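The values are calculated or read from the model by the stated rules, or taken from the named source; none is laboratory data. Quick caveat, the model's predicted, so the values are computed rather than measured. Neighbour counts run over all protein chains shown; Cβ positions are idealised from the backbone, glycine included. Ligands, DNA and RNA are excluded from the accessible area calculation, which covers all protein heavy atoms including side chains. Shrake-Rupley method; radii C 1.70, N 1.55, O 1.52, S 1.80 Å.
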Amino acid sequence: MKKIIITIDGYSSCGKSTLAKKIAKDLNYVFVDSGAMYRAVTHYFLKNNIDWTKTDQVIDAIKHISLQFEYNAQNGTSDILLNGENVEAAIREMVVNENVSEVAAIKEVREFTVAEQQKNSIEKGIVMDGRDIGTVVFPDAELKIFLTASPEVRVERRYQQLLAQGKQVTREEVRINNEKRDYIDTHREISPLRKAIDAIEIDNTNLTTDEQEKLLLDMAYEKILNN
Ligand code: CDP
């Protein structure tokens, strides 16, 4: 069967990765969490006291970063490795949430991560989620989704997710962080978050994960069978 590229872009905490993981599993495709790559770079910068306002420090630091994804048999998805170390848990900490959008706005960082992401396109059969996947990383993707949800629902989903991970966080902190990231992500100079003209918008405020999965799977099969 023909293989396609599916991109899922959207604001923070609207369930992009959850949906992308499900679809990738259903289609037996590779799932790539592009946000995890920006998070891993941010984690590296924080750990190594890199001043990311200084271009020379950024350029030098990037030379020492290698990112890979490793299959996690426990949950059937993949974990990110930073220089061979599994940092999947560390990159979800609030300190990373607080700094990642600033780091992701840096030109040299994006050049590095986008090049890594595009390596995946050599073979199709990919579901990748992020902010600029349908606009910049894979502008020719066969199926592009722009996922949205109400701000309240997004705060609640991320709050519950962090709570389940045992994190000490308030709804207000999550709300402030989501708003700050969305602002930076939509206003940055390079590859700002926006809906690709040929993306299909799905508002999942009132949809269950199963309903979204079915909707997207129908769209994917339509593309796979009729293109
Ligand atoms: O928290 P959420 O799952 O919504 O975010 P994420 O997908 O893990 O991405 C974390 C941050 O990385 C975003 O807020 C963006 O600043 C940045 N990002 C980006 O700039 N471009 C991407 N393709 C993916 C993420």
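Residue-level check: of (1) in a strand (DSSP E or B); (2) within 14 Å of the chain's Cα centre (by Cα), Q117 misses just (1). The residue pairs whose first member lies in region 99-114 and is under 13 Å from L46 (Cβ atoms), whose second member is among the polar types (S, T, N, Q) and crowded, with 21+ Cβ neighbours inside 10 Å, and whose beta carbons are closer than 8 Å, counting only pairs six or more residues apart or on different chains, are N99/T42; V100/T42; V103/T42. When S17, S12 are screened for being surrounded by 15 or more Cβ atoms within 10 Å (Cβ to Cβ), assigned to a helix (DSSP H, G or I) and of a type outside the set (D, E, K, R), only S17 passes. I'd like to verify a number: residues in region 31-61 that are under 19 Å from A115 (Cβ atoms) and open to solvent by 50 Å² or more (accessible area, probe 1.4 Å), how many? Qualifying residue count, region 31-61: 3. Among the residues of region 152-191, the one identified as more than 14 Å from R92 (Cβ to Cβ), part of a loop (DSSP other than H, G, I, E, B) and without any contact (Cβ under 8 Å) to a residue 12 or more places away in the chain is T170. Just to be sure before I move on: is T42 under 20 Å from the mean Cα position of the chain (by Cα), within 16 Å of the ligand (Cβ to nearest atom), outside any helix (DSSP H, G or I) and touching a residue at least 24 places away in the same chain (Cβ under 8 Å) in the structure I sent? No: the conditions fail for T42.
The rows are residues; the columns are (1) within 30 Å of L217 (Cα to Cα); (2) surrounded by 13 or more Cβ atoms within 10 Å (Cβ to Cβ); (3) of a type outside the set (D, E).
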| site | (1), (2), (3) |
| --- | --- |
| F146 | yes, yes, yes |
| V155 | yes, yes, yes |
| Q160 | yes, no, yes |
| Q165 | yes, no, yes |
| T170 | no, no, yes |
| V174 | no, yes, yes |
| N177 | no, yes, yes |
| K180 | no, yes, yes |
| A196 | yes, yes, yes |
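Within region 184-194, being farther than 18 Å from K16 by Cβ and open to solvent by 90 Å² or more (accessible area, probe 1.4 Å) holds for H187, E189. Filtered by the rule that a residue be away from the ligand (no atom under 12 Å from the Cβ), open to solvent by 30 Å² or more (accessible area, probe 1.4 Å) and out of contact with any Lys or Arg (no Cβ under 9 Å at 6 or more places or on another chain), region 80-106 gives N83, G84, E85, N86, A89, V95.
Within region 1-15, the residues that satisfy the criterion of being at pLDDT 95 or above and within 21 Å of I224 (Cβ to Cβ) are I4, I5, I6, T7, I8, D9.
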